[in-house]
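What follows is a set of notes on a single structure, which appears directly below.
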Amino acid sequence: MHRRDLLKALAAAPLLSHAGSLLAAPATNARLLFVFLRGGYDANNLLVPLGSDFYYASRPNIAIAKPGADNGALALNADWALHPALRETIYPMFNGGEAAFIPFAGTTDLTRSHFETQDSIELGQEIGGRRDFRSGFLNRLAQSLNANQGKHAISFTDQLPLIFQGGVQVPNMGLRSVGKSGIDARQSQVIAAMYKGTPLQQPVSAGFAVRDDVTKELTGEMQAANRNAISTKGFELEAQRIARLMKDKYNIGFVDVGGWDTHVGQGGANGYLAGRFDELGRGLAAFSQEMGSEWRNTVVVVVSEFGRTFRENGNRGTDHGHGSVFWVLGGGIKGKQVAGEQVAISQANLFQNRDMPVLNEYRAVLGGLLRRTFGLTPAQLEHVFAGVKPVELGLV
């Protein structure tokens, strides 16, 4: 192989992080899927503040009408309603106790930079302290659990994200292109032979093994999808594939979904953002259905790096903001709640007169969820989120 072809092949292969040791087989039933909405989605149109006249005055073109109006919001309680694009997917899950929302959530990072704030969340380290870019918090979670529970972790992405960087070897594989590998069997053997006897021999071989295992696992599903005309639209099909793997092989998973940076033409009950909510909701509903009986042991957490400005801009969109809304889904959670610390939606309560404030700090919120989901000891939780006092919201 030419050097250029080799580099392209290695970039496409599901290699493992070369530090640390491989995880053992799962020993408990608890599962976590972490969904990252990259781009900073507009949580103010996801969770509509019903009693806020300020909301409607701030968004003359993109606000969601109140419940009862044509294509209006879906009432969750006396204070909050849900975007109508989720009527057939997340709304029934909420009413069935399998979904909850945490408004005013996020990080204290104030840069409003996509990349810096994404890094902050994925690292899970104290803001203002020294950053270790080789230590993402999901990798630290896998480390903590590996000692006595043997968790398998996987990233359903083309490249290993920051959140999974660290001392435990975590495979990554983008499932939208599964079965279309740029490396055939002969090339795989050539590459493996090149690294024989070097420190990278084991990670390279293990990476190819993961790719082959995942492809074999999903071959039947892909053929069935063609015969039964299952939708191939983005996240919905990917979520079904993720569920097929997680219910049998992996206990900690990560996937990211892009397209949430809505500066222009965001839309309201219909339009661009509504389409993204519809696709995301259908994917998450498909994931829950595909998990089958294991859905009761699964927790899905949906986050974004930040929210959007509360007021719409001159392009009928929104700009980079601060506070957001986290989603928590699962067959065994105590859902049908809008949880966490909250304040009235008014101009006086905006952060810097522009954004939703962060009242529920993400490390404290996630620390509480992870402690309950996996039964973490204080020492394990300290390893995942150093110096954090977990907040118990009663969702798990």
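The values are calculated or read from the model by the stated rules, or taken from the named source; none is laboratory data. Everything numeric in this text was worked out from a predicted model, so none of it was measured. Using ideal geometry, Cβ is built from the backbone for each residue, glycine included, and neighbour counts are taken over all protein chains shown.
Odds and ends about this structure:
- Filtering THR377, THR298, THR373 for residues that are β-branched (Val, Ile, Thr) and free of Cβ contacts under 8 Å to residues at least 24 places away in the same chain leaves a single hit, THR377.
- Every condition in (1) under 21 Å from SER324 (Cα atoms); (2) buried (at least 21 other Cβ atoms within 10 Å of the Cβ); (3) of a type outside the set (S, T, N, Q) is met by HIS152 except one, and the failing one is (1).
- Qualifying residue in the range 316-324 (condition: more than 20 Å from ARG276 (Cα to Cα) and either touching a His at 6+ places or on another chain (Cβ under 9 Å) or surrounded by fewer than 24 Cβ atoms within 10 Å (Cβ to Cβ) (or both)): no
Listed here are the residues, each with its yes/no results for (1) under 20 Å from GLY340 (Cα atoms); (2) modelled with pLDDT of 95 or more; (3) surrounded by fewer than 22 Cβ atoms within 10 Å (Cβ to Cβ).
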residue	(1), (2), (3)
HIS18	no, no, yes
LEU32	no, yes, no
ASP42	yes, yes, no
ASP53	no, yes, yes
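- All positions within the range 271-310 that are assigned to a loop (DSSP other than H, G, I, E, B), in contact with a Lys or Arg (Cβ under 7 Å, 6 or more places away or on another chain) and either β-branched (Val, Ile, Thr) or farther than 26 Å from GLU122 by Cβ (or both): THR309
- Here the condition is being surrounded by fewer than 16 Cβ atoms within 10 Å (Cβ to Cβ), closer than 23 Å to LEU280 by Cα and at pLDDT 95 or above; of PRO103, PRO92, it holds for PRO92 alone.
- Within the range 286-312, considering residues that are surrounded by 20 or more Cβ atoms within 10 Å (Cβ to Cβ) and of a type in the set (Gly, Ala, Ser), the one farthest from GLY331 (Cα to Cα): GLY307
- Residues satisfying the stated conditions in the range 264-318, i.e. touching a Phe, Trp or Tyr at 6+ places or on another chain (Cβ under 6 Å) and hydroxyl-bearing (Ser, Thr, Tyr): SER288, SER304
- In the range 164-179, the residues that are under 11 Å from VAL255 (Cβ atoms) reach residues that are basic (Lys, Arg) and modelled with pLDDT of 90 or more with C-beta atoms within less than 6 angstrom, at least six apart or across chains, in these pairs: LEU175/ARG241.
- Of all the numbered requirements in (1) surrounded by fewer than 17 Cβ atoms within 10 Å (Cβ to Cβ); (2) of a type outside the set (A, V, I, L, M, F, W, C); (3) without any contact (Cβ under 8 Å) to a residue 60 or more places away in the chain; (4) under 21 Å from ILE121 (Cβ atoms), GLU341 misses one, and that requirement is (3).
- Take the conditions (1) surrounded by fewer than 23 Cβ atoms within 10 Å (Cβ to Cβ); (2) farther than 25 Å from LYS66 by Cα; (3) of a type outside the set (A, V, I, L, M, F, W, C); GLY330 misses just one of them, which is (1).
- Enumeration of residues in the range 34-66 that are part of a helix (DSSP H, G or I), touching a residue at least 24 places away in the same chain (Cβ under 8 Å) and hydroxyl-bearing (Ser, Thr, Tyr): TYR55, SER58
- Candidates ALA85, ALA78: the one that is over 25 Å from the mean Cα position of the chain (by Cα), at pLDDT 95 or above and either under 22 Å from PRO357 (Cβ atoms) or surrounded by 22 or more Cβ atoms within 10 Å (Cβ to Cβ) (or both) is ALA78.
- Exactly one residue out of ALA153, ALA75, ALA81, ALA99 is touching a helix residue (DSSP H, G or I) at 6+ places or on another chain (Cβ under 7 Å) and either under 30 Å from TYR55 (Cβ atoms) or of a type in the set (Ser, Thr, Tyr) (or both): that is ALA99.
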